[in-house]
Amino acid sequence: MDESFLRDLFECATEDEPPMGRVAHNSLLAGLRLRRHRRTQAAVSCAAVVAVLGAGIPLAVGSAGRTAGLAAAAQPQWLGPAVYVVNSHPVWGTGRNKDKEVPATVTPISIAPGRAGTPITVGYGPSNLVVTPNRKTVYVANYGGDTVTPITAASNLPGKPIKVGRNPLGLAITPNGKTVYAVNTTSGTVTPISTATNTARRPIKVGLSPDEIAMAPDGKTVYVANGASNTVTPISTVTNTASAPIRTGPGPVPGHVDTTIPKIFPDELAITPNGRTLYVTMANSRRVLPISTVTGQVGPAIEVGRQPTSLNITANGKTLYVSSDSKTKAVTPVSTATNTAGPAISLGSGAEVALLSQNGKTLYVATDGDTVVPISTATNTPGTPIKIGAGADAMALSPGGRVLYVVNQLSDNVTAIRTATNRPGAPIKVGQVPVAIGVAG
């Protein structure tokens, strides 16, 4: 990594950080979404998540990709914001245990030096994570272990895994940091976890094959997309009770045990800053559904590009950007005032995931062409593609917005890009098959 790039990263690491605002929270939620069409292809055991934490977090030096225990905290430390990568590719034992899967790891990365630290052992098949607003604790969902593991950021020590439902995947946290919600895909439930005691509360019954989850801006309601039921379930975070599900399409026959995902089902979720409208992409279609959070009524479908993959709403709430796959190769801007789509913005490659800059001026789109395309939100015109590693699949911005982190799924690394110049640094090696990213702070 060159000296000027390292200097910029150090400035980012030492600058004062604002509290988590709406844009940063949106970035966290957008980054943590593992697209269902990949999950349902038996790829959950090959997941990774990145989280950027605030200043003053010690990290142990080591090499990425090898399993490490509690000794990580005793090694040399770095100070500054930290990136955490969940390495969820199966790890197999040796000798007599060669056929047994062992717990996977979380790899810490120091932002300023741009090097990976010693991996932290968590549970089986970790698939997602969230970070508390005070940046002190990382919660990792272990899909294969039916648990959520808390990690103390100050020491990089994992706590006792918290037992939840079967196959936890989606995670969300209330703005006050008091409760983490884990979506249990196979159980059809959502488990609230008290962050004060790291104990699970009674699971909340939702629909069949729940997956995506989104927190309302005021923190009073969390919404869960149920793929097999073809519904969205609102949950009150005050009482931890579910309201009547909102139907988005035909699902299984009531009472039927079959949880097969329909051809078209609710996928990505995004909520306007005023909390009045929930947007839901319908996988394997060209449709986005607007839902009134006040009445629960579903509005007329908005026609966008084929297979919408990502949703981003500007901080002023006026525009929704919908990214589409390798056949459409475009991003569609939608007016939230009228719920009408504008002219598509051509990318040249299929959009995998997109993320708005913290100042709202740029939409960064990771494509299947191994690039990141910056789009000006003022003119809706794309800039010069930024070449990165193979399989760009998820992104997150640093708390100050100066660095964009891109997970390269097929390269097993993370690329840091200076947003001022759109210049990528040297890739940072992480564990196997990273696919998702999130930011806190």
Next item on the list: Positive end of the charge dipole of segment 222-347 (Lys, Arg +1 and Asp, Glu -1 on Cβ, about the Cα centre): tell me which of 311, 261, 246 has its Cα farthest that way.
Entry: 311
Checklist line | Over segment 288-441, relative contact order from alpha-carbon pairs under 8 Å, at least 6 apart, % | finding: 12
Check: If you take the Cα atoms of segment 300-441, find Rg, then find the Kirkwood Rh from the mean of 1/r over all pairs, what is Rg/Rh?
Finding: 0.96
Next item on the list: Pairs of lysines 8 or more apart, or on different chains, with alpha carbons under 28 Å: count those in segment 150-290, would you?
Entry: 9
Check: When the accessible area of segment 161-239 is computed with all protein chains present and a 1.4 Å probe, what percentage of it is carbon and sulfur?
Finding: 51
Notebook entry, point to check: Is the shape of segment 202-325 best called rounded, prolate or oblate, per the rule: a/c under 1.5 gives rounded, else a/b larger than b/c gives prolate, else oblate, with a ≥ b ≥ c the square roots of the Cα gyration tensor eigenvalues?
Noted result: oblate
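Under the definition of Cα pairs under 8 Å and six or more residues apart, what whole-number percent is the relative contact order of segment 228-367? Before the final figure, lay out the partial values.
Values: 332 pairs, mean separation 18.8, N = 140.
Computed value for segment 228-367: 13 percent relative contact order.
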Next item on the list: Treat each spin label as a single point 7 Å out from the Cα along the C-beta direction, and report the residue 306 to residue 186 distance in nm.
Entry: 3.4
Notebook entry, point to check: Roughly speaking, what is the stretch gain from residue 134 to residue 152, that is 0.36 nm per residue apart minus the C-alpha to C-alpha distance, in nm to one decimal?
Noted result: 5.3 nm
Note to self: At 1.4 Å probe size, with the rest of the protein present, what percent of the exposed accessible area of segment 294-441 is carbon and sulfur atoms?
What the structure shows: 51
Checklist line | In nm, spacing of pseudo-spin labels at residue 196 and residue 243 (7 Å Cα→C-beta vector) | finding: 2.6
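Quick check: convex hull over the Cα atoms of segment 169-268, volume per residue in Å³, rounded to an integer?
Values: hull volume 9.3 nm³, N = 100.
For segment 169-268, the hull spanned by Cα atoms encloses 93 Å³ per residue.
Taking segment 117-227 on its own, what percent of its Cα-Cα pair distances exceed 20 Å?
Working: 2001 of 6105 pairs.
Everything past 20 Å amounts to 33 percent.
How much accessible area per residue does segment 290-441 have, counting only protein heavy atoms and a probe of 1.4 Å, in square angstrom? Walk me through the numbers before you get to the answer.
Numbers: 5370 Å² over 152 residues.
For segment 290-441, the per-residue accessible area is 35 Å².
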Margin query: So with the 1.4 Å probe, I'd like the accessible area per residue for segment 94-231, rounded to whole Å².
Written below: 35
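What does the charge count around residue 203 come to, taking other residues whose C-beta lies under 13 Å from its C-beta (Lys +1, Arg +1, Asp -1, Glu -1)? Numbers along the way, then the final one.
Values: positive: 163, 166, 201, 202, 205; negative: 146.
Computed value for this residue: +4.
Taking 21 Å as the cut-off for C-alpha to C-alpha distance, list the pairs among 329/387; 136/361; 318/387 that go past it.
Values: 329/387 17 Å; 136/361 30 Å; 318/387 30 Å.
With Cα atoms farther than 21 Å apart: 136/361; 318/387.
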Margin query: Just to verify a number: FRET efficiency for residue 205 and residue 390, C-beta to C-beta distance, R0 = 45 Å, to 0.05?
Written below: 0.65
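The values are calculated or read from the model by the stated rules, or taken from the named source; none is laboratory data. What you see is a predicted model, and the numbers here were worked out from it, not measured in a lab. All Cβ positions, even for glycine, are placed from backbone atoms using ideal geometry, and neighbour counts span all protein chains on display. Areas reflect the complete protein model, heavy atoms only, side chains present, ligands, DNA and RNA absent. Shrake-Rupley method; radii C 1.70, N 1.55, O 1.52, S 1.80 Å.
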